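In what follows, a single structure is set out as structure tokens and then discussed.
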Amino acid sequence: MHTYNEVTMRCEPQTAFQYARKIENWPQLLPHYRQIQFRYGGSERGGLVRMAAVRPFKRFQWPVWWESEMVVNEEELIVGYRHVRGVTKGMEVEWRIVPAGEKVSVSIVHRWNSPPWSRRLFAGFIGNRFVYAIAERTLQGLKQQAELEAALAAKKQAIQEELPDSRQWTDLQWEALREQLAEQFASEAAEQAIFQQREAGGRNG
């Protein structure tokens, strides 16, 4: 079984890498993630981590969990996992961040070359309906967060250069600006999702 997900983010490579690496923050950033708990180690150097999420099927939220050995490569901007417990035991995962001009490409590869005998018949179904779907939600969610952070930093710098008095703004004023940008990004993401659905429908029609 092999799946591949990729998005392009408008941010610095290190920003994308930190969002991919700081998995302990995912339950606060990504609605489909329920729990991230390190058995030992942490996101700075890697370790053994238990992850729990849900795969939405219309009104039903299918719970999933797995434990992985996490490895962090700061020089090459790679985060790797090997599933050691759960339905997907033996699966290998690689997150890779690659600069692409003023943007960055963030990809996730899942490989399950030797699933347990009891799951080999269902490996393709698990990959397409669960692994790919959850990874896509994760990438899209982190893309929105990373681009929001980059846009907020650029907007803040522009405002401070144009309005010197803005350096005295309170945290509430900056938070209001962040919420405004967040609404804009959410609206753009919703429009993009509708466009992609229509494109997919056209290709399949």
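Laboratory data are not the source of any read-out in this text; all were calculated from the coordinates shown. Please read these numbers as outputs of a predicted model, since none were measured by experiment. Don't worry about glycine lacking a Cβ; one is built from the backbone with ideal geometry, like all the others, and counts go over all protein chains shown.
Tabulated data
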item: Residue-by-residue Karplus 3J(HN,Hα) for the stretch 104-115, coefficients 6.51, -1.76, 1.60, Hz, glycine and proline x; result: 9, 9, 10, 10, 10, 10, 10, 10, 10, 6, 9, x
item: Per-pair calculated FRET efficiency, R0 = 41 Å: A150 and N113 via Cβ, rounded to 0.05; result: 0.65
item: Longest exposed-site-free window of the chain, the sites being trypsin sites (Lys or Arg not before Pro) in a DSSP loop that have at most 10 other C-beta atoms within 10 Å; result: 60-205
item: Difference of contour (0.36 nm per residue) and Cα-Cα distance, Y4 to Q140; result: 47.6 nm
item: Which label in (i) 66, 48, 34; (ii) 59, 36, 31; (iii) 60, 31, 30 gives the computed Cα extents along the principal axes in Å; result: (i)
item: Modelled FRET efficiency - R0 35 Å, R120 with S187, Cβ distances, 0.05 increments; result: 0.20
item: Global form of the stretch 1-76, assessed from the alpha-carbon gyration tensor, a/c cut-off 1.5; result: oblate
item: Pair W65, N25: separation of 7 Å Cα→Cβ label points (nm); result: 2.6 nm
item: Whole-Å distance, taken between Cα centres, linking the stretch 28-51 and the stretch 89-168; result: 15 Å
